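Scroll down for the structure; my scribbles are underneath it.
Throughout, read-outs are computed from the coordinates displayed, never taken from laboratory work. Not measured: the values here are computed from a predicted model. All Cβ positions, glycine included, derive from the backbone under ideal geometry; neighbour counts span all protein chains shown.
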């Protein structure tokens, strides 16, 4: 089934390419890429990404620590965010240099599926973290990078070989290669849409990535769901964390291998089994024990944001993956992941053709029913929950309308110069520019315009059909 899933996602990307054009599409395909002869990764003494003085890892992690003579505030403030949050919130394109033995780099890109961590020094905006671990990551985005012999997605783990290694408190970052995304903005916009309704989504920023001082490509950088993220959101990283693979349906017949356990000492998955059991035994329209095992409000917010931005590549879609579950204080929270295929009109075997006019009466997309996704079915059947779901859809729509009017052009301006200079980009510059033409319904700007127009009419209709305006707020 995983093979079919990979094929369908690559097919979806290929369909996007056929609409937009790909700068690497004329290159000879190969399942084992060779290092491009046009790009040299020999080490240089200096580089544009590491110019000026660099700081050591320990300096980076302690530079903002108060001295012993400083006294705490008399009135304690709210818990402070880790330093890396301000880094992500800054709207700029950062520079990241991977200093690595050329032989190690070549071995990694020529055998990407092994995902063996390689030793590298990582410099971000002049701050160096020594001996980090780097390896290729992803499924369809990895396959896409391999096929077109351009660039792969990567995971950088600062504490892989150095205990406590971090960048401003961040222990791991994922570099996204923008497969299926000519705009390069979908990861960023998708996570911000989640944040607009109160979901603690991972942060996203942008990087010019260099390898031994030579520009390799323009990437999105995503706060990985690892210890630093869990500490930031849940104040704990030691409970059970599960990453969904394909077919993570939470149905009674689901293979427990559908979830990869990434954290937690109890490997019995008894909490996951309990979640499946509670969902199965809960009568339609009743809460049953759902609130004992799920952070219902957070799940509703996530489903609503996914529905508004047409994120079909999630739990409620055919692929049924790209999310994490974290058990904290006895209840599961859902964590969104991998938003690079939002705002897409193109139809495939697993994406509904309605595109920007996909109904949000239910968050289910594709060729499914709610019975196929019991977490959706049982929540949507409770009137109180359903009203909240629609309210969150409305809230996300308000944000999306404002975003399209005030921020999308600003982001295009921010990344366009760097996209143009990207030596390994998948798409032609003209394809990037078309993404922001509102008359192009296959681009991110045109999709958002049509989506906002459709939902501005559809949400009031749903409220009237369901009598939601007549229900008292809980």
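What shape does segment 166-265 take by its C-alpha gyration tensor, where a ≥ b ≥ c are the square roots of the eigenvalues and a/c under 1.5 counts as rounded, a/b above b/c as prolate, and the rest as oblate? The partial results should precede the final answer.
Details: a/c = 1.75, a/b = 1.49, b/c = 1.17.
Since a/c reaches 1.5 and a/b is larger than b/c, the shape of segment 166-265 is classed as prolate.
Which length gain, in nm to one decimal place, applies between residue 357 and residue 268 when the Cα-Cα distance is subtracted from 0.36 nm times their residue separation? Each step should come with its number before you reach the end.
Details: separation 89, 0.36 × 89 = 32.04 nm, distance 4.23 nm.
That works out to 27.8 nm of additional length.
What is the diffusion coefficient of segment 96-197 in µm²/s, taking the Kirkwood radius over Cα pairs and the Stokes-Einstein relation at 10 °C with a viscosity of 1.306 mPa s? Walk me through the numbers on the way to the answer.
Values: Rh = 14.6 Å.
Value of D from the Cα-based Kirkwood radius: 108 µm²/s.
Taking a ≥ b ≥ c as the square roots of the eigenvalues of the Cα gyration tensor of segment 347-431, is the shape rounded (a/c under 1.5), prolate (a/b larger than b/c) or oblate?
On the way: a/c = 3.44, a/b = 1.78, b/c = 1.93.
It comes out oblate by the Cα gyration axes.
For a footprinting-style exposure proxy, rank 105, 312 by other Cβ within 10 Å, fewest first.
Values: 105 19, 312 24.
By the 10 Å Cβ count, ascending, the order reads 105, 312.
Per q in 0.21, 0.29 1/Å, what log10 I(q)/I(0) does a Debye calculation on the alpha-carbon atoms of segment 233-276 return?
-0.69, -1.11
Quick one: grab Rg to one decimal and Dmax as a whole number for segment 253-323, Cα atoms only, in Å.
13.7, 37
For segment 130-181, what is one quarter of the convex hull surface built on the Cα atoms, given in nm²? Can you show the working numbers first?
Numbers: hull surface 16.3 nm².
So the Cα hull casts an average projection of 4.1 nm².
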